[in-house]
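Quick notes on the structure that follows.
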Amino acid sequence: MNMATSRHGNGTLDVVQILDDLERLAPAGRAQRNLTAEAVGLLSSVGFFRAMLPAKFGGLECHPVDFFKAAMQVAERDMSSAWICAVVGIHPFQVALMGESALQEVYGSNPNTIVSSTYNPMGAKATAADGGVMLSGRWAWSSGSLHAEWLLLGCIAPGENLIYTCLVPKKDYVIEDTWFSMGLQGSGSNDVVITEPVFVPFSRIHKQTDGFLGLNDQPNKMYSIPWAQLFAATVAVPSIGAAKHALRLYIANKNASSIDVAKMQGDPDVARRVAEVDTLIDNAESSVMRNINKLVDMVNAGQEIPMLERARIRYQTGSIVQNMIDAVDLLFAVAGGRSVYSGSAIQNIWLDIRMTHAHIANNPVPLARNYGNMMLGLENTNFFM
């Protein structure tokens, strides 16, 4: 296990050695609508699936900034791989919030155990049971589920206006092959079904209120960061790396061979677009890293994170994908005739980023309304922040 320390005394996550191979494997993952076993093995080999796991259970216990920077690097080669290593890679953090019993069950024998998720509770049914709930239903969009041994499933708590996240083992659910999508094909975000109700004890349930309040029994104070703030970043940060990838492709003219390179260099509109895209990317990256560092610093100092600050950060994170769509649109509009053909590299990125906008956490409109209303003196209405 790599126990080298970063500037914050946590484990390091170095992905440079696997980037070329992830890029090589990306077309195969796109074709089979699921990351290849080799790609998953590479992500596991550098510690992505234990990056946010407490060190006590063999995890790297990474600083969140280091985790997201690594995910961004992966996205510069393949956005589906980055989606898996970010969204799936953050799950040990949530399991840690459930406590020692859940950590032992999932990671006691293997710190690289993969846990997938699908949080939308609309297709779930949960009924009260002694010591937990009985859970059944259908859930969509479980990224990386074919590689997982456990699953995090959202449901409405019985008799409460509250969302539970239930941790269930592979034997309790069935995966249905439904992932026929326009982008992010390699994420393998299939449906999950539990037909006959299964018992989930409270030791494997995370309450929405606990995530909101930062309640946990971990010694590392970073686990007190509101859960929603970190999860929202996982579905936003890959788009930054993907936009960097698109800009690199465009400047190298690898996708737009119908455009004369010399004319590109002298075209004021192209120059403007390239400058605007670079600035949009830089602003997004600077914003999310600054905000995550601020959250870590505040919890480490034992400070309460004000609601208005939470709303600001949540809105800025939720705006990232739309800004990256705008950035790639600027390039795609002048990418040349070959960009319209299926399989063109820049078109794949254009489609991948649009897929991430479908995630509810990446809709900035309600986040802007909530933040703006709070600035004007109204109460917070969003408890996923």
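Observations on the model:
- Residues of the range 148-168 satisfying the condition of being crowded, with 21+ Cβ neighbours inside 10 Å and not in a strand (DSSP E or B): Ala148
- Just so you know, in the range 97-121 the residues that are assigned to a helix (DSSP H, G or I) and touching a Phe, Trp or Tyr at 6+ places or on another chain (Cβ under 8 Å) include one that is farthest from Ala358 (Cα to Cα), and it is Gln104.
- Close pairs from the range 237-253: first closer than 18 Å to Arg290 by Cβ and touching a residue at least 60 places away in the same chain (Cβ under 8 Å), partner part of a helix (DSSP H, G or I) and of a type outside the set (A, V, I, L, M), Cβ under 6 Å, at least 6 apart: Val237/Phe68; Ser239/Thr356; Ile240/Glu285
- Residue in the range 84-96 that is on the phi > 0 side of the Ramachandran plot and either small (Gly, Ala, Ser) or part of a helix (DSSP H, G or I) (or both) present: no
- Residue match in the range 181-198 (condition: closer than 30 Å to Leu22 by Cβ, among the polar types (S, T, N, Q) and in a strand (DSSP E or B)): yes
- Subset of the range 93-151 (residues that are over 22 Å from Ser44 (Cα atoms), among the polar types (S, T, N, Q) and not assigned by TED's automatic domain parsing to the domain that holds Ala39): Asn120, Thr127, Ser136
- Scanning the range 258-310 for residues that are at pLDDT 95 or above, surrounded by 15 or more Cβ atoms within 10 Å (Cβ to Cβ) and more than 24 Å from Asn323 (Cα to Cα) yields a count of 4.
- Boolean, Leu35 is modelled with pLDDT of 95 or more, under 17 Å from the mean Cα position of the chain (by Cα) and either assigned to a loop (DSSP other than H, G, I, E, B) or surrounded by fewer than 15 Cβ atoms within 10 Å (Cβ to Cβ) (or both): yes
- The condition of being within 24 Å of Asp269 (Cα to Cα) and in contact (Cβ under 8 Å) with a residue 40 or more places away in the chain holds for only one of Asn362, Asn348, that being Asn348.
- Checking each residue in the range 289-321 for being out of contact with any Ser or Thr (no Cβ under 8 Å at 6 or more places or on another chain), without any contact (Cβ under 8 Å) to a residue 60 or more places away in the chain and not aliphatic (A, V, I, L, M) picks out Arg290, Lys294, Asp297, Gln303, Glu304, Pro306, Glu309, Arg312, Tyr315, Ser319.
The values are calculated or read from the model by the stated rules, or taken from the named source; none is laboratory data. The model shown is predicted, which means the values in this text are computed figures rather than measured ones. Neighbour counts run over all protein chains shown; Cβ positions are idealised from the backbone, glycine included.
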